[in-house]
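> Pasting a structure here, questions to come.
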Amino acid sequence: MGKVTRGNSSQFGMNVPIEISKRGIRKKIAQTDLEIVKKEIREKELDLKIAVMRNYFSVIYAKSVVKILQDREKLFKNMMVISQQRTKNSPNYKLDVLQSQIKYQKQVVFLNKAKANLLVAQFELNNALNIKNSQTMYDTVESSLFANNLSILDLNLLPYQEIEDTAMKYSYSLSIAQDNIQRSEQKITEAKHKRIPDISVGGGYAYQTARQTGGESLPGAYVGVSADIPLLYFYNPEIKKAKITLERSNLNKESFENHLRYALKEDYNKFKYSKENMGYYSSILQESQTILDEHTKRYEKGQSTLLNLLQVETMHQETLRDYIDAIQKYYDAYLDLMHNVGHEILLNTDL
């Protein structure tokens, strides 16, 4: 502009590129990515809560094993003492003494192993808690699974359909899958918008020196507009790739929903039948304890053999193990169900 346009001028200035219909979609993609990250964090937090609860139960289970073996050690020690106090002329005296001593000594070994396993479970619980610079060794309130009125086992579930509906509505994994579909749709839009030409607006100072004009120096200015038109490349591969990603995202979500329904049904039925089995074992355990006490008294009076008492004790030991294993399956089924629900909305974190 000005007289400077009459000749070849020198120029300096600035060009400003202006994107058309591109920044908005990039912002939406970034916002969707942010939402996905937030939900992934919440999902990890839920996994951490469930891991802590699982480790907490493992400590109680380990304590229960220790209690079983402690009671068994006392029984075997009592057997050994009774066998040694019998008259040496009694039938099978030497054999009973040797058997009872071996049983007792082996039981001490088993008990020590159980105590070591309990320490491992306690360390794993504190590792799951992951409290920074903590010098405290956290432990369970419950002494064992044989304690009365255990709140940790007081679990009540909603009807199955309500649980499934809750999972379909609140599951972090499903929500992330839906966000991935939305992101794939946005990526298609982004790829298509690359076809839209961008423009650049420029302007600046233009001048000619006196030497260039052969006389006076000429000041001036310039303005310009340019467009970036994709004549030879229309971004078809990017658009096709984005569409394939969208199809995959939709299939992944549908597949996850189908697998989730099966997993929820499986966990729910495991919980239901494990709870029922736990009740049966509780009744069997009382009867088994009564039988063991009766045989112990008979052995003390010399009315029963050591072999008979050991057989009854072995059956009682199996019943005790079956009982705490039934409780473990019951609690694991609950945690698995809560994990598959995918949201803490139904999780009883007070446990």
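Every read-out reported here was derived from the displayed coordinates using simple, explicitly stated rules and does not represent laboratory data. For clarity, every value in this text was computed on a predicted model and none was experimentally measured. Quick reminder, even Gly has a Cβ in these numbers, built from the backbone with ideal geometry, and neighbours come from all protein chains shown.
> For an R0 of 35 angstrom, estimate the FRET efficiency from the Cβ-Cβ distance between LEU346 and VAL141 and round to the nearest 0.05.
Computed FRET efficiency for LEU346 and VAL141 comes out at 0.95.
> Let me ask something additional. Taking the Cα centre as origin and putting +1 on Lys and Arg beta-carbons and -1 on Asp and Glu beta-carbons, what dipole magnitude results for the range 40-143, to the nearest 20 debye?
It works out to roughly 700 debye.
> If the reach is capped at under 22 angstrom between alpha carbons, list the lysines near LYS28, excluding any in the same chain fewer than eight residues apart.
Cross-link targets: LYS38, LYS39, LYS187, LYS192, LYS194, LYS240, LYS241, LYS243, LYS253.
> If you average the sequence gap of Cα pairs under 8 Å that are 6 or more apart and divide by the length of the range 3-346, what percent do you get for the contact order?
27
> Work out the charge dipole of the chain with +1 on the Cβ of Lys and Arg and -1 on the Cβ of Asp and Glu about the Cα centre, then indicate which of GLN99, ALA177, THR140 is farthest towards its positive end.
In the chain, that residue is ALA177.
> In degrees from 0 to 90, rounded to the nearest 10, what is the angle of the helix 93-129 Cα long axis to the longest principal axis of the chain?
Orientation of helix 93-129: about 20 degrees from the principal axis.
> Taking other Cβ within 10 Å of each residue's Cβ, how do ARG23, ARG42 sort, fewest first?
Listed from fewest to most nearby Cβ atoms, that is ARG23, ARG42.
> A further question follows. If the elastic network links every pair of Cα atoms under 10 Å, which of GLY202, GLY13, GLY302 fluctuates the most in the Gaussian network model of the chain?
GLY13
> While we're on this one: Which residue, chosen from TYR262, ILE239, SER283, occupies the Cα position most advanced towards the positive end of the dipole of the range 229-295, where the dipole is computed from +1 (Lys, Arg) and -1 (Asp, Glu) charges on Cβ about the Cα centre?
ILE239
> Measuring from label point to label point, each 7 Å out along Cα→Cβ, what is the ILE284 to GLN303 span in nm?
Result for the modelled spin labels: 2.7 nm.
> Shape call for the range 121-178 from the C-alpha gyration tensor, a ≥ b ≥ c root eigenvalues: rounded (a/c under 1.5), prolate (a/b greater than b/c) or oblate?
Cα axes put the range 121-178 in the oblate bin.
> Once the Cβ-Cβ distance between PHE123 and ASN252 is put in as r, and R0 is 45 Å, what FRET efficiency do you end up with, to the nearest 0.05?
After rounding to 0.05, the efficiency reads 0.75.
> Here's another thing I want to ask about it. For ILE18 and LYS240, what is the calculated FRET efficiency with R₀ set at 35 Å and r taken between the beta-carbons, to the nearest 0.05?
E between ILE18 and LYS240, to the nearest 0.05, is 0.80.
> Check which residues have an amide H placed less than 5 Å from LEU145's amide H, if you skip close sequence neighbours.
The answer is SER64.
> Assign unit charges at the C-beta atoms only (+1 for Lys and Arg, -1 for Asp and Glu), then state the dipole size of the chain relative to its Cα centre in Debye, rounded to the nearest 20.
Roughly 1080 debye, rounded to the nearest 20.
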